[in-house]
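Step one of this worksheet: look at the structure below.
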Amino acid sequence: MQYRRFGRTNLKISVLTFGAMRIPFGDLSPEERKRAEENAFLTMKRALEVGVNHFETARGYGNSEHLIGMWLPHLPVRREELIITTKIAPTQSADEMRRYIDESCQRMGITYIDNLDIHGINTYELLELSVRKGGCLDGIRQAMKEGIVRHLGFSTHAPLEVILDTMRTGEFESVNLHYYYFNQRNYPAIRLAEELDMGVLIISPTDKGGQLHIAPEKLRQVTAPYTPIEINQRFLLSDPAVTTLTVGAGKPEEWDAHLRMADRVEPLTPEEQAILQRMDMTMKQALGDTYCSYCFECLPCPEDIHIPEVLRLRNMAKAFDMVEFGKFRYNLFGNGGHWFPGVQADACTDCGDCLPRCPLKLNIPALLRETHEMLTGAPVKRLWR
Ligand code: SF4
Ligand code: SF4
């Protein structure tokens, strides 16, 4: 396992982070509960065995904080050797935030949080709520003065402009965001993080980056001899500005697929560059003159269709048979709130507003209709808010 400096926090973090969003559970029988609790323990223990020193959770992840607190005293690690990030959504007042920080500490049985993220600065309104005078930031700063919170970052699913403006406030030492081979929209945020000396945590690159653990054969053939997980990991960790990747392991054995590349942080080899070029070429050849470059020039759509995201899912489904991933994301439209904005593509009225803005002159309404037919299904709800 390699370790990297987490920006100006100076924390030395393993390049893989245990993302604790998948260990919580709901109502279970006593026996099932016992098994789920043991599974959480074994998953965390395995993380430590493979060299992970960073656990990342959130107030909003069900009983995740509680499970960490339950097992921390039994894990083979001293508190000071473990870096814990938790995330709390912006609150209306400093007092409320302060109360939530104390509650997180109590649930995890810890006296300090190494790194607190304001969770989900996804819009300018939430940015304003997060940093306004007398608001939740004051509660965090007070907790920092008292040594209860050591470092402050933010997590985001926001449009790029909101992310960059949040980073430029200078209030945050790290950013927790989406960025993968299959979604490079936030590349400028990675570069800005480097310039501002901020840590960069990538949200779940395996699952959100394309459900790469269940990648279709077509994708696996193109990335061979690497697995899709491995080449995505190399794509990310060959960039020195990327500190760590969240692995949302739900079982101990789920670490295995990530380990071969956990020691590899050097620049891409010629072989790896060739694989990534092959992926680019396969995508462009498969899509031909319907390839969407995810440039965002077509927005805004008066019907609130997130055209680039719909067509990104189409790109992946058409080029690499990633239809299941497409369905998983597409059916969040209309249910994801500010975490996943936009509605399904059948809301298109053919108004034509987007057409002159597309530099590739795509027939956007026709592509949207085709994508809707291919991907629509039962609504999907986000796992956690
Ligand atoms: S044509 Fe459809 S997708 Fe384009 S702006 Fe109008 S409603 Fe939105
Ligand atoms: S403007 Fe065209 S190429 Fe760019 S994201 Fe929109 S549809 Fe895709």
- [ ] Using the Karplus curve 6.51 cos²θ - 1.76 cosθ + 1.60 with θ = phi - 60°, work out ³J(HN,Hα) for each residue of the stretch 289-300 in order, rounded to whole Hz, and write x for Gly and Pro.
- [x] 7, 10, 5, 9, 8, 6, 8, 6, 5, 6, 7, x
Task: Derived scalar couplings ³J(HN,Hα) [the stretch 242-259; Karplus, 6.51 cos²θ - 1.76 cosθ + 1.60; whole Hz; x for Gly, Pro] - done: 8, 7, 8, 10, 7, 10, x, 5, x, 9, x, 6, 5, 6, 4, 5, 9, 7
Task: Built amide H within the under 5 Å cut-off of residue 305, gap 5+ - done: 343
Task: Rough spin-label spacing in nm, given labels placed 7 Å along Cα→Cβ, for residue 169 and residue 286 - done: 3.9
Task: Most mobile of 115, 315, 39 in a GNM of the chain (Cα contacts under 10 Å) - done: 39
TODO: Would you mind ranking 339, 71 by Cβ crowding within 10 Å, fewest neighbours first?
DONE: 339, 71
Task: Neighbour-count ranking [beta-carbon atoms within 10 angstrom, fewest first] of 235, 325, 296 - done: 296, 235, 325
- [ ] Let me have the relative contact order for the stretch 272-375, percent, based on Cα pairs under 8 Å that are six or more residues apart.
- [x] 29
Open item on the list: Relative contact order of the chain, please, whole-number percent, based on alpha carbon pairs below 8 angstrom and at least 6 residues apart.
Closed with: 16
Open item on the list: Please state the shape class of the stretch 3-267: rounded when a/c is under 1.5, otherwise prolate if a/b exceeds b/c and oblate if not, all from the C-alpha gyration tensor.
Closed with: oblate
Open item on the list: Can you compute the helix-only [θ] at 222 nm over the chain? Use -39500 (n - 2.57) per DSSP H run of at least 4 residues, normalise by all residues, nearest 500 deg cm²/dmol.
Closed with: -12000 deg cm²/dmol
Open item on the list: No partner Cβ under 4.7 angstrom, meaning no disulfide-compatible partner by this rule: which Cys of the chain qualify?
Closed with: 105, 136, 292, 295, 301, 348, 351, 358
- [ ] For residue 14, list long-range residues whose amide hydrogen, built 1.01 Å from N in the peptide plane, is under 5 Å from its own amide hydrogen.
- [x] 4, 53, 54
Task: Amide H partners (placed H, <5 Å) of residue 25, local residues excluded - done: 63
- [ ] Take the cross-link list 45/208; 208/251; 12/133; 284/318; 87/145; 208/361 and give me the ones stretching past 21 Å between alpha-carbons.
- [x] 45/208; 12/133; 208/361
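Which FRET efficiency, nearest 0.05, do residue 3 and residue 256 yield, Cβ-Cβ r, R0 25 Å?
The computed FRET efficiency comes out at 0.80.
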Task: Whole-Hz ³J(HN,Hα) from phi, Karplus 6.51 cos²θ - 1.76 cosθ + 1.60, for the stretch 343-358, glycine and proline x - done: 10, 5, 6, 6, 7, 5, 9, 6, 5, x, 4, 6, 4, x, 8, 7
Open item on the list: Explain nothing, just the number: dipole magnitude of the stretch 155-256 about its Cα centre with +1 on each Lys and Arg Cβ and -1 on each Asp and Glu Cβ, in debye rounded to the nearest 20.
Closed with: 380
- [ ] Go through 190-201, 243-254, 263-274 and give me the packing order, highest mean Cβ count within 10 Å leading.
- [x] 243-254, 190-201, 263-274
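Read the figures in this text as sums done on the coordinates, not as results from a lab. This one's a predicted model, so the numbers in the text were calculated from it and none came from an experiment. Neighbour counts run over all protein chains shown; Cβ positions are idealised from the backbone, glycine included.
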